[in-house]
Amino acid sequence: MSYVEPPEKVMKPSTIAGPYPVPGPRTVSMEEWTYIVRALQQIVIRPDGRALKPEGFDLAKDDLIEWVRWNKRIDAGIRK
């Protein structure tokens, strides 16, 4: 694997909440599945566990984010 430069900005370590129980898998209806699975969408999960409505995103705008570009370079190196 080739060396890839890390992102320019790195957040400092911070304290996060510890592990907590989450509900297990469950059967979903076809309507829920269709809602969940759509191409080029992102679903934001709020801290309280609720999901916001899916939003589309633009791959070109996504590539403007340094972390996204860095992650793609890492992925490309792993696939070789």
Considering every residue within region 11-18, establish whether at least one is touching a strand residue (DSSP E or B) at 6+ places or on another chain (Cβ under 8 Å) and free of Cβ contacts under 8 Å to residues at least 24 places away in the same chain.
no
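Could you pull out the residue among 53, 61 that is surrounded by fewer than 11 Cβ atoms within 10 Å (Cβ to Cβ), among the charged types (D, E, K, R) and part of a loop (DSSP other than H, G, I, E, B)?
Answer to the selection: 53.
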Output the residue which, of all residues in region 20-68 that are under 26 Å from residue 6 (Cα atoms) and among the acidic types (Asp, Glu), is modelled with the highest pLDDT.
66
Note down all Cβ pairs under 9 Å where the first residue falls in region 48-62 and is farther than 18 Å from residue 23 by Cα, the second is surrounded by 10 or more Cβ atoms within 10 Å (Cβ to Cβ) and polar (S, T, N, Q), and they're at least six residues apart or on different chains.
54/41; 54/42; 55/41; 55/42; 56/41; 56/42; 57/41; 57/42
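The values are calculated or read from the model by the stated rules, or taken from the named source; none is laboratory data. A quick note: this is a predicted structure, and the numbers were derived from the prediction, not measured. Methodologically, a virtual Cβ is constructed for each residue, glycine included, from the backbone with ideal geometry; neighbour enumeration extends over all protein chains shown.
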